[in-house]
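Peer 1: I'd like to ask some things about the structure below.
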Amino acid sequence: MATVQFNDSAYEGQPSETVLDTLLRHGEEANYSCRKGSCLNCMMQAVEGAVPEKAQAGLRDTLRAQGYFLSCLCRPESDISVVQGEDAALYQRAVILSRELLAPDICRVVLEPATPLYYHAGQFLNLRRRNGLSRSYSLACVPNLDRYLEFHIKRLAGGQMSNWVFDEMQVGESVDIQGPNGCCFYLPGDPGQGLLMIGNGTGLAPLAAIARDALNDGHNGPIRLYHGSRAEGGLYLQDRLLDLAAANANFSYTGCLSGAAPPPGHARGRAEEVAFGEIPDLAGWRVYLCGNPPMVEGAKKRAFLAGADLKEIYADAFELKELRAAPRPAPA
Amino acid sequence: MADTIYQKIGGEAAVNAAVDMFYRKVLSDDHISGYLDNTDMDAQREKQKAFLTMVFGGPNEYTGKDLRTAHAKLVEQGMDDSHFDAVAGHLQDTLSELGVPADIAGEIMTVAAGTRSEVLNR
């Protein structure tokens, strides 16, 4: 059994337990969110001992070389000594420039980083406030088109960070950001390829950014964006996206309402149902899926069955920390 | 030295052509899809690819022991001959849709049939 050394304590790991599980089980305040290797909130640094390759998958080379790894994926095979990591290597400061409501439960937050951030539209950052609380948010902005960084944050019942952003965060205060992370973004090189984008809730934020990025890059194949919400108020960018569609013949936006009798101009049903109904054959398409995990996972399977290559499907499931208190089971 | 089946049908390119077709068939079949772990489809596809590489006689690390270990839990959950036969049927269909000549397809199906006792943990 591997021992995990953290700060001044040594903890005995249990079989198939991750470093994160071991630390949490012993009451350590380790940072985490998704517990599946997507969000990077749980990143730590190994100062002694071997890190399994899988626990470093997707990290930048510079971080890997310094022993950074994802504690939620790290099932150590031998004793390991870990630390929280050098803050300066991961985070930089950013100032809140504005906050405005886009819908009653969605707000737009604009930030200016201390040094310019090199990122792709559609990637995400980890936002950390002064007391250490940290959450992942997708970027809603496009390099070259938008001067500042932008998030669309949905207020969640019981959500510590989102309620703080809505109720207490002040314009002018500073937060820490880590990133950019994730590989859900536009890749130039095939300007005629069809792009299907399906999102619900604030899953729209990265998708709208990717669509604007692609159009700005001269993409001339069809770009079909489907956004799902229960009620019309949740289709929070529809005016802007309908304008974008009016200005670009190859871009279309469909607001999908799963509630009762949608008003004219909207499709009825869940975004993924409407999308797969209208585009039944996805051979050769690239597919972007962002939003709640059941939608994203179900749509990924359907997109594959509809003919899309798995490597052409970019999925970003928004995992909620408040649902992730229990360890995820080890893979079989 | 005579070409192996793997070389005759076109090596890794043939496996790549077959794997998506095969995986889509298996995933669409409600009788067996419940036994697939779809939480990580990319990993699942890699497993299908390793399996096809093995039955096509290609270079692989896949052994009977792996097959047994990988499926033991599923057998406990009720996987039986009917599921094995269904997957074999999808493999047969994949080969015929890809136009693999009957004699070669026969050899491949013989290799696949030989994995039954490992897969079903007998």
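Peer 1: Based on the alpha carbon coordinates of chain B, what radius of gyration and maximum Cα-Cα distance (Dmax) apply, in Å?
Peer 2: 13.8, 44
Peer 1: Still on this model: Averaging the inverse of every distinct alpha carbon separation and then flipping it gives the Kirkwood radius. What is it for the range B:71-111, in angstrom units?
Peer 2: After inverting the pairwise mean of 1/r, the radius is 11.3 Å.
Peer 1: Using the alpha-carbon atoms, what tilt in degrees (0 to 90, nearest 10) does helix A:293-305 show relative to the longest principal axis of chain A?
Peer 2: The two axes meet at around 60 degrees.
Peer 1: Further question on the same structure: Can you tell me what percent of all Cα-Cα pairs in the range A:88-181 are more than 16 Å apart?
Peer 2: Everything past 16 Å amounts to 50 percent.
Peer 1: What whole number of Å gives the distance from the Cα centroid of the range A:9-39 to the Cα centroid of the range A:48-96?
Peer 2: Computed from Cα coordinates, the inter-centre distance equals 13 Å.
Peer 1: Calculate what fraction, in whole %, of the accessible area of the range B:9-119 sits on carbon and sulfur atoms when a 1.4 Å probe is rolled over the protein chains.
Peer 2: Exposed carbon and sulfur together represent 53 percent of the surface.
Peer 1: Counting only C-alpha contacts under 8 Å and six or more residues apart, can you give the relative contact order of the range A:1-132 as a whole percent?
Peer 2: 23 percent
Peer 1: Need the list of lysines near A:Lys301 for cross-linking: C-alpha distance under 17 angstrom, and skip anything on the same chain fewer than eight residues off.
Peer 2: Output for A:Lys301: A:Lys311, B:Lys25, B:Lys47.
Peer 1: Still on this model: Run through the DSSP bridge list for chain A and note the antiparallel percent, rounded to the nearest 5.
Peer 2: Antiparallel bridges make up about 60 percent of those DSSP assigns within chain A.
Peer 1: Let me ask something else. Relative to the first principal axis of the alpha-carbon coordinates of chain B, what is the inclination of helix B:102-113, with its axis defined by its Cα atoms, in degrees from 0 to 90 and to the nearest 10?
Peer 2: With both axes taken from Cα atoms, the answer is about 30 degrees.
Peer 1: Need one number: the % of Cα-Cα pairs in chain A sitting beyond the 31 Å mark.
Peer 2: Here the tail beyond 31 Å accounts for 35 percent of pairs.
Peer 1: What does the buried accessible surface come to for B and A, summed over both chains, with the probe at 1.4 Å? Round to 100 Å².
Peer 2: 900 Å²
Peer 1: Further question on the same structure: Shielding by partners for A:297-307, please: the mean number of other protein chain Cβ atoms within 10 Å of each residue's Cβ.
Peer 2: Counting Cβ atoms of other protein chains within 10 Å of each residue's Cβ and averaging gives 3.
Peer 1: Excluding ligands, DNA and RNA, what is the solvent-accessible area per residue of the range A:122-191 at a probe of 1.4 Å, expressed in Å²?
Peer 2: 42 Å²
Peer 1: Is there a quick way to get the dipole size of the protein assembly as shown? I mean about its Cα centre, with the Cβ of Lys and Arg at +1 and of Asp and Glu at -1; what is the value in debye to the nearest 20?
Peer 2: 740 debye
Peer 1: Give me the accessible area of A:Asp190, 1.4 Å probe, in Å² rounded to the nearest 10.
Peer 2: For A:Asp190, the solvent-accessible surface is approximately 80 Å².
Peer 1: Would you calculate, for chain A, the mean residue ellipticity at 222 nm contributed by helices, counting each DSSP H stretch of 4 or more residues as -39,500 (n - 2.57) and dividing by all residues, to the nearest 500?
Peer 2: Roughly -5500 deg cm²/dmol at 222 nm, from the helical runs in chain A.
Peer 1: What's the Kirkwood radius of the range A:193-332 in Å, using all Cα pairs?
Peer 2: Mean inverse Cα-Cα distance, inverted, gives 15.5 Å.
Peer 1: Compute the helix-to-body angle for B:64-76: its Cα long axis versus the longest principal axis of chain B, expressed 0 to 90° and rounded to tens.
Peer 2: The helix B:64-76 is inclined about 30 degrees to chain B.
Peer 1: If you don't mind, another one. Provide the solvent-accessible area of A:Thr115, counting protein heavy atoms only and rolling a 1.4 Å probe, rounded to the nearest 10 Å².
Peer 2: A:Thr115 has an accessible surface of roughly 80 Å² with all protein chains in place.
Peer 1: Accessible area per residue of the range B:1-98 at 1.4 Å probe, in Å²?
Peer 2: That works out to 53 Å² per residue.
Peer 1: Here is a further query. Using θ = phi - 60° and the Karplus form 6.51 cos²θ - 1.76 cosθ + 1.60, what ³J(HN,Hα) does each residue of the range A:124-130 get, whole Hz, x for Gly and Pro?
Peer 2: Coupling constants for the range A:124-130: 10, 10, 9, 9, 10, 8, 4 Hz.
Peer 1: Accessible area of A:Lys54, 1.4 Å probe, to the nearest 10 Å²?
Peer 2: 120 Å²
Peer 1: Treating the beta-carbon of each Lys and Arg as +1 and of each Asp and Glu as -1, no other charges, what is the dipole magnitude of the range A:18-121 about its Cα centre, to the nearest 20 debye?
Peer 2: Dipole size: approximately 320 debye.
Peer 1: Next up: Within straight cross-link reach of A:Lys154, meaning Cα distance under 18 Å, which lysines are found once same-chain residues fewer than 8 apart are removed?
Peer 2: A:Lys321
Peer 1: Here's another thing I want to ask about it. Return the Rg/Rh ratio of the range A:220-277 with Cα-based radii and a Kirkwood Rh.
Peer 2: Rg/Rh for the range A:220-277 comes to 0.97.
Peer 1: Evaluate the charge dipole of chain B about its Cα centre and quote only its size in Debye, nearest 20, assuming +1 on the Cβ of each Lys and Arg and -1 on the Cβ of each Asp and Glu.
Peer 2: Charge dipole of chain B: 200 debye, to the nearest 20.
Peer 1: How big is the range A:73-118 by Rg and Dmax over its Cα atoms, in Å?
Peer 2: Both quantities, over Cα of the range A:73-118: 18.1, 50 Å.
Peer 1: Roughly speaking, to the nearest percent, how much of chain A's 1.4 Å accessible area is carbon and sulfur?
Peer 2: In chain A, the share of accessible area belonging to carbon and sulfur is 49 percent.
Peer 1: Given a Förster distance of 56 angstrom, what is the FRET efficiency for A:Ala88 paired with B:Ala102, based on the Cβ-Cβ distance and rounded to 0.05?
Peer 2: Taking R0 as 56 Å, the efficiency between A:Ala88 and B:Ala102 is 0.30.
Peer 1: Pulled fully out, how much extra length does the chain show between B:Asp93 and B:Thr69, if you take 0.36 nm times their separation in residues and subtract their Cα-Cα distance?
Peer 2: Computed gain between B:Asp93 and B:Thr69 is 6.0 nm.
Peer 1: So, one more: If you project the alpha carbons of the range A:261-326 onto the principal axes, what extent comes out on each, in Å, largest first?
Peer 2: 39, 36, 14
Peer 1: Still on this structure, please answer the following. Using all C-alpha to C-alpha distances in the range A:1-158, build P(r) with 5 Å bins and read off the rounded percent in each one.
Peer 2: For the range A:1-158, the binned pair fractions read 2, 8, 16, 19, 17, 13, 10, 8, 5, 2, 0 percent.
Peer 1: Given the rule -39500 (n - 2.57) for each run of at least 4 DSSP H residues, summed and divided by the residues of chain B, what is its mean residue ellipticity at 222 nm, to the nearest 500 deg cm²/dmol?
Peer 2: -22000 deg cm²/dmol
Peer 1: Note down the nm distance, to one decimal, between modelled labels 7 Å out along Cα→Cβ at A:Asp190 and at B:Ser82.
Peer 2: Output for this residue pair reads 4.0 nm.
Peer 1: Next question, about the same structure. Rank A:Arg240, A:Arg230, A:Arg268 by accessible area, highest first, at a 1.4 Å probe radius?
Peer 2: The ordering from most to least exposed comes out as A:Arg230, A:Arg268, A:Arg240.
Peer 1: Given the convex hull over the Cα atoms of the range A:3-85, what projected area results after averaging over all orientations, in nm²?
Peer 2: About 4.7 nm², averaged over all directions.
The values are calculated or read from the model by the stated rules, or taken from the named source; none is laboratory data. Source: prediction; values computed, not measured. Here Cβ is always computed from backbone atoms with ideal geometry, including for glycine, and neighbour counts include all displayed protein chains. Note: accessible area is taken over every heavy atom of the protein model, side chains too, but ligands, DNA and RNA are not part of it. Shrake-Rupley method; radii C 1.70, N 1.55, O 1.52, S 1.80 Å.
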